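S.K.: Encoded as structure tokens, here's the structure I'll be asking about.
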Amino acid sequence: MKHFAPLLAAGAISACATVPTTGPASDFVTVSGEATYRERIALAPGSQMVVRIEETSRADAAATTLAEQTYLLERRQVPIAFSVPVPRTALTGAVRTTARVQILGPQGDLAFTTDTAHPVVVRPGQESVELGTLVMVRAGN
């Protein structure tokens, strides 16, 4: 989580996780990267970015969320860095793990989303995975 210390100190971004993040660091794998989109459109104040790490191996079933992080963007614009702690136990038995990023407008409407699979490959003993830049596309409209 030390990657976000400067951002949190500046008040530019805040996040909340939906998985417990207590316990030894070795119990978690940190998945990080940044999200962007190509359109020259400013995000509305009050937008938020949701990053999900999902198990997506079953074609006939909905993805299972292994970890989720929500970032309140305030007035921040893309590219936006993210870091999601994923419990190592959640990755046990996961056949295909991918990352999904969405930006929701102030009213909760979907504004941007990733439209391709972004594999999250974790090797034994690995503490972090860097995904690089994930490009989103405009939703709807």
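The values are calculated or read from the model by the stated rules, or taken from the named source; none is laboratory data. Values in this document were obtained by computation on a predicted structure and should not be read as measured data. Cβ: placed from backbone, ideal geometry, glycine included. Neighbour counts: every protein chain shown. For the accessible areas, the whole protein counts, side chains as well, though only heavy atoms, and no ligand, DNA or RNA atoms are used. Shrake-Rupley method; radii C 1.70, N 1.55, O 1.52, S 1.80 Å.
S.K.: Which condition does Gly33 not pass, out of (1) open to solvent by 70 Å² or more (accessible area, probe 1.4 Å); (2) at pLDDT 95 or above, if it passes all the others?
M.R.: (1)
S.K.: I've got another one for you. Hey, among the residues in region 64-77 that are surrounded by 16 or more Cβ atoms within 10 Å (Cβ to Cβ) and of a type in the set (A, V, I, L, M, F, W, C), which one's nearest to Gly46 (Cα to Cα)?
M.R.: The extreme case among them is Leu73.
S.K.: Which condition from (1) open to solvent by less than 70 Å² (accessible area, probe 1.4 Å); (2) among the polar types (S, T, N, Q); (3) assigned to a loop (DSSP other than H, G, I, E, B) is the one that Gln102 breaks?
M.R.: For Gln102, the failing item is (3).
S.K.: Can you tell me which residues in region 83-104 are without any contact (Cβ under 8 Å) to a residue 60 or more places away in the chain and in contact with an Asp or Glu (Cβ under 9 Å, 6 or more places away or on another chain)?
M.R.: Answer for region 83-104, where residues must be without any contact (Cβ under 8 Å) to a residue 60 or more places away in the chain and in contact with an Asp or Glu (Cβ under 9 Å, 6 or more places away or on another chain): Gly93, Ala94, Val95, Arg96, Thr97, Thr98, Arg100.
S.K.: Hey, could you check region 80-96 for residues that are within 13 Å of the chain's Cα centre (by Cα) and not aromatic (Phe, Trp, Tyr) and say which is surrounded by the most Cβ atoms within 10 Å (Cβ to Cβ)?
M.R.: Val84
S.K.: For Val19, all conditions in the list (1) in a loop (DSSP other than H, G, I, E, B); (2) more than 16 Å from Leu134 (Cβ to Cβ); (3) under 15 Å from the mean Cα position of the chain (by Cα); (4) modelled with pLDDT of 90 or more hold save one; what is the number of the exception?
M.R.: If we test Val19 against (1) in a loop (DSSP other than H, G, I, E, B); (2) more than 16 Å from Leu134 (Cβ to Cβ); (3) under 15 Å from the mean Cα position of the chain (by Cα); (4) modelled with pLDDT of 90 or more, just (4) comes out false.
S.K.: Next question. Go through the residues of region 105-124 one by one and say whether even a single one is open to solvent by 70 Å² or more (accessible area, probe 1.4 Å), closer than 14 Å to Ser83 by Cα, of a type in the set (D, E, K, R) and more than 16 Å from the chain's Cα centre (by Cα).
M.R.: No, the conditions are met nowhere in region 105-124.
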